[in-house]
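Here, each number is a calculation from the coordinates, and none is a lab measurement. Only a predicted model underlies this, so the values are computations on that prediction, with no experimental measurement involved. Note: ideal-geometry Cβ built from the backbone for every residue, glycine included; neighbour counts use all protein chains shown.
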Amino acid sequence: MRVDQDVTPEYPLSWQARALTGLLRGTVKPASSLLLRHPLALAGAARLGDLARLVNVPHPAHVAVVPATFSACGGEWVRGGQGLDERKVVLYFHGGGYFSCSPRTHRPITWRLSVAAGRPVLALDYRQGPVHRLADSLADALDAYDCLLRRGHEPQDVILAGDSAGGHLTLATLLALRDRGLPLPAAAICLSPWADLTDVPRRANRWQDPMLPAGRVRWLARRWTSGLDPWDPLVSPVHGDFTGLPPLMIVTGSTEVLRDEAWRVAQRARLAGVPVRYEEWPRMPHVFPILADVVPEARLAFRHIRQFLGAVAAMPESMGDSAAA
């Protein structure tokens, strides 16, 4: 596999994907359109998210989940089986629009990511809104990365990954580490990243997206950028300078309302000399890998992730050094 290329996976659309896409279009999208109109709705969603933290999301018997505690936040270690390389780690940031979800809700991703990467995954329970701000989430991410280095993990043995808002946090963390002159991880994986928080209308896939209403994404961006400069690369990474960052893998669905900003991140990163594997999966919904329990295409995505990480590991050291310089 080549690292630096655009890919449109050509798999027949499964009946499971068709059915689930229709279900999302008829339930999640109208519910989001209705609820995400007032700050009280976010507070209510956050409360529901707190309750979700108490639910033990099931996982296969061979998967081990152990609570982890860091200075300002917690998380969990997820191991997808035996024989993992404990010297290496994936630091994972869950999605949820910065106001919902937790490491527990994203176990369908994290345990499979552990298998694909052949290493443990640290899923971070970073601080979220509406109580906390973007800066708090970023501080938690940087603190967790620093903690991994202090535990003895080498930067080249760490991979950052995240989905949606967690994809945003992944990109912001990379930019912050680079700007502070700190050692960078070996690679990063972004699943359906939310990368542009400026007040721009999203016209592409406005009607095709089966899950996210474009107007509500814009409303949410206004909430999180209140009092901030939305053009700051740590707020809207799509406007950042990606010079010196490690190889990136960006996975998105062709009908997502966030597709274009994911593609723009890939373009800007390549212009800065960063190898980027950009995968646009036909008719897949937002963060479709989380649906791997029921959707075959989602399971195949982890095979692609494994191949990407293998290709990164096989890159000549000179290329890796130039990307991380």
Mean Cβ neighbour count within 10 Å, used as a protection proxy, ranking 165-178, 286-299, 145-158 highest first: 165-178, 286-299, 145-158
Charge dipole (the chain, unit charges on Cβ, about Cα centre) - positive-most of THR8, PRO30, LEU134: PRO30
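Could you tell me the relative contact order of segment 5-323? Use alpha-carbon pairs under 8 Å, at least six residues apart, and round to a whole percent. Show your work: numbers first, answer last.
Numbers: 637 pairs, mean separation 62.2, N = 319.
Dividing the mean separation by the residue count of segment 5-323 yields 20 percent.
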Positive-end residue, the chain charge dipole about Cα centroid, Cβ charges, pick of GLY273, ALA123, LEU212: LEU212
Percent of Cα-Cα distances greater than 17 Å, calculated over segment 84-138: 40
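Just check segment 167-306 against the gyration tensor rule for me: Cα atoms, a ≥ b ≥ c as the square roots of the eigenvalues, rounded for a/c under 1.5, and otherwise prolate or oblate depending on whether a/b exceeds b/c. The partial results should precede the final answer.
On the way: a/c = 1.97, a/b = 1.12, b/c = 1.76.
Oblate, because a/c is 1.5 or more while a/b does not exceed b/c.
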Loop-located chymotrypsin sites (Phe, Trp or Tyr not before Pro) in segment 213-317 whose Cβ has at most 15 other Cβ within 10 Å (DSSP): TRP231
Relative contact order %, segment 217-325, counting alpha carbon pairs below 8 Å whose residues are six or more apart: 27
Charged-residue dipole, Cβ positions (Lys, Arg, Asp, Glu), the chain about Cα centre, Debye nearest 20: 900
Gyration tensor (alpha-carbon) shape descriptor, the chain, a/c threshold 1.5: rounded
Furthest towards positive pole of dipole, LEU234, ALA61, ILE250, structure part the chain, Cβ charges: ALA61
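Which of the peptides 243-252, 77-86 is most tightly packed, and how do the rest follow, going by the mean number of other Cβ atoms within 10 Å of each residue?
243-252, 77-86
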